[in-house]
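What follows is a single structure, written as structure tokens, with notes after it.
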Amino acid sequence: MNDVAALSTMPLYTSLDRIERGLAALGIGPGDPIRPEQLFPLDQWHYHGADAVAAAARALGLGPSSHVLDVGAGVGGPARYLAHAVGCHVTALELQPALHGIGVDLTRRCGLADRVTHRCGDALSYPLPPASFDAVVSFLAILHIPDRSRLFSRLAGVLRPGGRCYVEDLCQRAPFSPRDLRDLRAVVCGVTVTGPGDYAADLTAAGFVDVVATDLTDDWAPYAAERLAAWRQNHGAYACVHGEGAYAAQERFYSVIARLYDSGSLGGIRLEAAA
């Protein structure tokens, strides 16, 4: 089972009022309607934001008739993008009740509740109807799930014949030092970060075919370094809106990620496969 308490302490998942503060800076109050585009800079917590979700939609050939499962949906950013920009019907499955609750509220305020269904539960056990989705997506969430092989087997079962899986996640390129491993576990909550071959093997063992693994490290490592530098440069402006605590939490997360990439141990991976 996943550890909700541990995940809730991850710096990226603290100071969750930062979305409302960001909206307030745009003149949008609590409960006010939101245009989905206004949220994209605030609710996409993965590399390259909405652009990455758009790339996934193209790769998967998604359209208005597509039914998509988003595993580890967070506050629902990718799900809302797919619903708004592509017209998909998306089930957004998120373990953490706090993130789930924010996602439900934001989706309602965006007018997308008819296309995004939020579900709060563990991806390893939440009841999902078999053969009911055209695609599964996941952005930087599977590293938090302790039994990846079981997860992939479940995902294979919920996809319709010919359905596709699209995952972006962190991976291991070299052994972590003791300090880096501690931070990977405590700060990043990475419990299943292994070599790229292990990810592909787990998909194959679950029954997926046409498995393609793409190394994204050369893109993600400089992205993480630039993100950290920009974050520090924007310290005053961000803290003025969100507070020093919110700034410090994300600075810690971003700095650990950048250091893990610099060490040569951390990498990024994209996995695509067919059911």
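Exactly one residue among Val116, Val136 is within 19 Å of Ala59 (Cα to Cα) and either within 16 Å of the chain's Cα centre (by Cα) or surrounded by 19 or more Cβ atoms within 10 Å (Cβ to Cβ) (or both), and that residue is Val136. Under the condition of being touching a helix residue (DSSP H, G or I) at 6+ places or on another chain (Cβ under 8 Å) and part of a strand (DSSP E or B), which residue from segment 135-148 is nearest to Ala50 (Cα to Cα)? The residue in question is Phe139. Can you say whether Arg179 is within 18 Å of Cys88 (Cβ to Cβ) and not in a loop (DSSP other than H, G, I, E, B), as far as the supplied structure shows? So Arg179 fails the test.
Taking segment 3-46 as the range and being free of Cβ contacts under 8 Å to residues at least 60 places away in the same chain and under 15 Å from the mean Cα position of the chain (by Cα) as the test, the residues that pass are Phe40, Pro41, Leu42, Gln44.
Set side by side, the residues Leu93, Leu82 differ, and just one is surrounded by 16 or more Cβ atoms within 10 Å (Cβ to Cβ), touching a Cys at 6+ places or on another chain (Cβ under 6 Å), within 22 Å of Ala275 (Cβ to Cβ) and free of Cβ contacts under 8 Å to residues at least 60 places away in the same chain, which is Leu82. Of the residues screened, Arg259 is one that is farther than 22 Å from Arg21 by Cβ, surrounded by 17 or more Cβ atoms within 10 Å (Cβ to Cβ) and out of contact with any strand residue (DSSP E or B) (no Cβ under 7 Å at 6 or more places or on another chain).
The set of residues in segment 205-228 being free of Cβ contacts under 8 Å to residues at least 24 places away in the same chain and either over 19 Å from Arg259 (Cα atoms) or exposed (fewer than 12 other Cβ atoms within 10 Å of the Cβ) (or both) consists of Asp218, Glu226.
Would you call Asp198 surrounded by fewer than 18 Cβ atoms within 10 Å (Cβ to Cβ), assigned to a helix (DSSP H, G or I) and touching a Lys or Arg at 6+ places or on another chain (Cβ under 9 Å)? Yes, satisfied. Does Ala6 satisfy the condition of being surrounded by fewer than 19 Cβ atoms within 10 Å (Cβ to Cβ), out of contact with any Gly (no Cβ under 6 Å at 6 or more places or on another chain) and either at pLDDT 95 or above or on the phi > 0 side of the Ramachandran plot (or both)? Taking the combined requirement at face value, the residue does not satisfy it.
Restricting attention to segment 192-203, which residues are without any contact (Cβ under 8 Å) to a residue 60 or more places away in the chain and within 23 Å of Arg160 (Cβ to Cβ)? Asp202 - this is the single residue of segment 192-203 that is without any contact (Cβ under 8 Å) to a residue 60 or more places away in the chain and within 23 Å of Arg160 (Cβ to Cβ). From the set of residues in segment 22-51 that are farther than 19 Å from Val104 by Cβ and in a helix (DSSP H, G or I), which is modelled with the lowest pLDDT? Restricting to residues being farther than 19 Å from Val104 by Cβ and in a helix (DSSP H, G or I), the top hit is Ala25.
Listed here are the residues, each with its yes/no results for (1) within 12 Å of the chain's Cα centre (by Cα); (2) surrounded by fewer than 24 Cβ atoms within 10 Å (Cβ to Cβ); (3) in a helix (DSSP H, G or I).
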site: Arg150; (1), (2), (3): no, yes, yes
site: Gly157; (1), (2), (3): no, yes, yes
site: Arg160; (1), (2), (3): no, yes, no
site: Asp169; (1), (2), (3): yes, no, no
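Tallying residues that are outside any loop (DSSP other than H, G, I, E, B), within 16 Å of Pro33 (Cα to Cα) and of a type in the set (D, E, K, R) within segment 107-126 yields 2.
The values are calculated or read from the model by the stated rules, or taken from the named source; none is laboratory data. Computed from a prediction, not measured in an experiment: that's the story for all the values here. Neighbour counts run over all protein chains shown; Cβ positions are idealised from the backbone, glycine included.
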